[in-house]
Amino acid sequence: MPTVHTGRFDDGAEPLSTQDCSTSDQRKAAMADQQGSSSELLVELHRLLATESGLQDSLDRVARLARSAIVAAESVGLTLAHQRSGRTVAFAGENAVDLDEAQYDDDTGPCLDSFRDGVTIEVDRISDRRSQWPSFVRAAAEHDVNSSLSIPLDVDGRRVGALNLYGSKVAAFDLTALELARMFAVQAAIAMVNAEIYWEARTLGENLQLALENRDVIGQAKGVLMRSHGYTADQAFDELRRVSQEQNIKLRELAETVTWLGELPSDSRRDRALG
């Protein structure tokens with residue numbers, strides 16, 4: 001995945017001293033610890049669909065896990081692609097929403113550029129990008145945010161949004177954070193797409209079940225009216241619909257009442273007789 005950054009990492013390298021080697025070993029140990037912790041978080045991410053929470057709860061957990069996995073990220077926003085712009089569907093930390101929305105309002109910023117162009121955008125010093133993203137730079141200054149990392153969320157060629165990380169330090173996201181963020185973004189994208197598909201399917205199933213239940217109880221009410229008044233099926237349904245509209249009662253609720261009473265509510269029958 002292409003990365004756009006400010007060139008913090010030099011191509012050249014000077015000989016390492018004993019102290020440098022010791023520091024390098026410490027960093028490797030810290031990296032191993034962080035990767036182990038992040039692996040546990042990724043396992044938890046895989047469990048999202050095993051819970052009975054809704055889509056919003058799943059997305060909120062993705063944002064919280066991302067913030068926990070990437071130490072330098074003090075706030076995290078999940079941008080879901082919406083036409084050519086985006087919207088923040090979940091966040092963790094105090095600043096993410098304001099920073100994301102500053103970009104939506106201006107229709108430009110690292111978050112939008114990341115998911116539009118499909119590239120990772122790393123900004124080491126946000127204040128240096130004032131001419132490019134003026135609203136975002138102002139919002140970042142107000143919240144004392146100095147660096148950001150935006151990674152596109154892409155599943156099988158379908159770009160669904162971006163993972164946005166914000167830090168107060170200049171150049172907060174090193175190579176380790178970048179690799180962890182990329183690994184996490186893959187899982188986050190899959191979780192977002194799978195959660196969306198799962199809950200859309202579940203909602204459809206529930207709606208179909210409700211429709212079947214509604215049809216069943218309305219059919220019973222029609223049968224009551226056909227037996228008691230000699231209506232045809234169409235006449236019985238028309239009568240149910242008329243009373244439902246006149247009395248501002250949901251058709252299902254009226255049908256349940258008719259099935260229970262064996263008759264339309266007395267007021268509607270009396271009003272019709274008087275008419």
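Using 0.36 nm per residue and subtracting the Cα-Cα separation, the extra length available between VAL186 and MET226 on full extension is 8.5 nm. Modelled label positions at LYS169 and LEU261, each set 7 Å beyond Cα in the direction of Cβ, lie 7.2 nm from each other.
For segment 236-241, the Karplus equation 6.51 cos²θ - 1.76 cosθ + 1.60, evaluated at θ = phi - 60°, returns couplings of 5, 5, 4, 5, 4, 5 Hz by residue, with Gly and Pro reported as x. Couplings 3J(HN,Hα) of segment 177-187, computed from phi: 4, 4, 5, 4, 5, 5, 4, 5, 4, 4, 5 Hz, in residue order, whole Hz [Karplus 6.51 cos²θ - 1.76 cosθ + 1.60, θ = phi - 60°; x for Gly and Pro].
Between ARG87 and ARG242, residue separation times 0.36 nm minus the direct Cα-Cα distance comes to 51.5 nm. Residue by residue, segment 60-76 carries 3J(HN,Hα) couplings of 4, 5, 4, 5, 5, 5, 4, 5, 6, 6, 10, 4, 5, 7, 7, 8, 9 Hz when phi is fed to the Karplus relation 6.51 cos²θ - 1.76 cosθ + 1.60 (θ = phi - 60°); x denotes Gly or Pro. Among the trypsin sites (Lys or Arg not before Pro) in segment 118-201, those located in a DSSP loop and surrounded by at most 14 other Cβ atoms within 10 Å of their own Cβ are ARG125, ARG130, LYS169.
Extension gain, GLN56 to ASP216: 0.36 nm times the residue separation minus the Cα-Cα distance gives 54.4 nm.
The numbers here are math on the coordinates, done by the rules we state, and not lab data. This one's a predicted model, so the numbers in the text were calculated from it and none came from an experiment. Quick reminder, even Gly has a Cβ in these numbers, built from the backbone with ideal geometry, and neighbours come from all protein chains shown.
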